[in-house]
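Quick notes on the structure that follows.
The values are calculated or read from the model by the stated rules, or taken from the named source; none is laboratory data. Every value quoted in this text rests on a predicted model; they were computed, and no experiment measured them. Glycine also receives a Cβ, built like all others from the backbone with ideal geometry; neighbour counts cover every protein chain displayed.
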Amino acid sequence: MRAECLLLIASLEREGGWSLLADPEAIRVLSSPLLSEDEIGELARLTVTFRANQNGGTHAAGCRHVSARAADAETLTIAAFRTAGSGRHPCQACGGGILASLSAEQREQIAGLAPVLETRLQQERENAAARRRMQELIRRADAIDERARRIVDGWHWYLEHEREAAAGYPVGVESVGVACSDCGATAAITFEPRALRVCFRCSQDAGHGYFRMPGEDDEPLPTWNHQELGYVAIALVALVLAGDDDTWCRVYGTRAADYRATADALAAFDAANPEPMRLTPDIRCGECGNVMNSFTITEPGGGKESYYECGTRHPDGRYGRSKKDDVDTAIDETLVRLLRQHPSWAAVPQLEPSTATLAQYADYLAAKIKAYDTNVGAASQDPGLSRQREELAGKMNTVNAIREQGALAVAGLTGYQPGLWFSATEPAFTALARALLTTLVNVGENKITISTPLDHGTPLYRTLRAREIRDELTELERRQQQLAEELAELSAAD
């Protein structure tokens, strides 16, 4: 192909078709994104003339690959050609265009860049091959992991699917010692390969790790097989399924340990570093005072329902849980009533976090993200952990927006109007607005208690109430003056 192109170039030059010099190798070097602008230097001022096909391919005017519907010839500097190169594909035969004549010094510079580019191209090829090998490795590991996960979950329809393969698995029971997720006592996860049976047993209480609704006789639901212990169980099963194939071990072998390391690192970080400010309301369980986290359940019909849950099992065996919409609506109704009663309290500057607080919070988030990234390893795809990572990144974006626009503007509070807010045409409060306008929300089974920075007796209440009293006194003085003047006019008329 290169020889054919050179013959074509020579022919066109003899016929006077090109007044410029076609040099595929030079254009290939100068247009490559693998070379930096600093490396190209003054060569970026050279011009290249080309025609672009509709598919983004660029060609020298006489190249046989130019489409009949190609755009008219265009001349750009190499710098501009490189900038526009993300949507273009220079022709491999002609180089993608025609360069202006090169001086001997310029040719020497290009010749010096060519081996640098070739080294980087070779590295790119090796990197691409490595990525393909890793993708294939992950694909095979994922297949084993998914089979193991379904066996751990114990779905009967899938276990029937695995019965034939199970006949070739080892006889006996595989087991691993763990700590009970409910009490911390010694426990064990066991796997019977031939029976495809996975079990959990706490040494102190056989009911630990399972959940049964009070008064119901249905089979208890396993709670132990989530997060770290679930990964331990999957590893126990996956090693049997994989046999001599080490694919799964190479990809997911450290996942349970990485999950624990990440969870411990984040817990230790939280214990040592109080959160400087909140971007979401502080929702607490009314029974135990534990922080309630939100999660979403996808229902069989495809619908979704979000909840707040405290994550601590109460003495009655249940976990504190409330629908998120119910809690958010209660907060919004309380805030609307409060702000309508006292419209001068809405969107006050005192609710804005200080510059120092925002800077401290940005540093806090960056450090927590680093703690996560340092430890997560093979557990990076865990839904809970990855959601935490996404939330941290989202908080960092919000903090940056607050630093640029202000918290009240980002929260949507600057447009507050007492007569319209929360009407049919107004949205509910945002999570940030709820965080700014509340200090604590206790969620009980039958009652939601909401505390705000505007409650009676708070510093902000005293500040704003003093402001309102002064405004009222000023208005009274103005009205008194008007009445005195009116009285004087009436007296003078008599």
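Of the helices (runs of 4 or more DSSP H) that lie entirely inside the stretch 399-494, those containing 1 or more residues that are at pLDDT below 80 and of a type outside the set (Ser, Thr, Tyr) span 459-493.
Annotation note: of THR75, THR119, THR83, the sole residue that is of a type in the set (Ser, Thr, Tyr), more than 20 Å from PRO33 (Cβ to Cβ) and within 43 Å of the chain's Cα centre (by Cα) is THR75.
For the residues ILE189, ILE144, the requirement of being of a type outside the set (Asp, Glu), in a strand (DSSP E or B) and buried (at least 16 other Cβ atoms within 10 Å of the Cβ) singles out ILE189.
Just to check your reading of the model, which residue among GLY302, GLY320, GLY311 is in contact with a strand residue (DSSP E or B) (Cβ under 8 Å, 6 or more places away or on another chain) and on the phi > 0 side of the Ramachandran plot? Unique residue meeting the criteria: GLY311.
Here is a yes/no grid of residues against (1) assigned by TED's automatic domain parsing to the domain that holds ALA330; (2) under 21 Å from the mean Cα position of the chain (by Cα):
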| site | (1), (2) |
| --- | --- |
| THR262 | no, yes |
| GLU287 | yes, no |
| THR298 | yes, yes |
| LYS304 | yes, yes |
| TYR307 | yes, yes |
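If you filter the stretch 147-178 down to residues that are aromatic (Phe, Trp, Tyr) and closer than 24 Å to THR223 by Cα, you find that the one that is surrounded by the fewest Cβ atoms within 10 Å (Cβ to Cβ) is TRP157.
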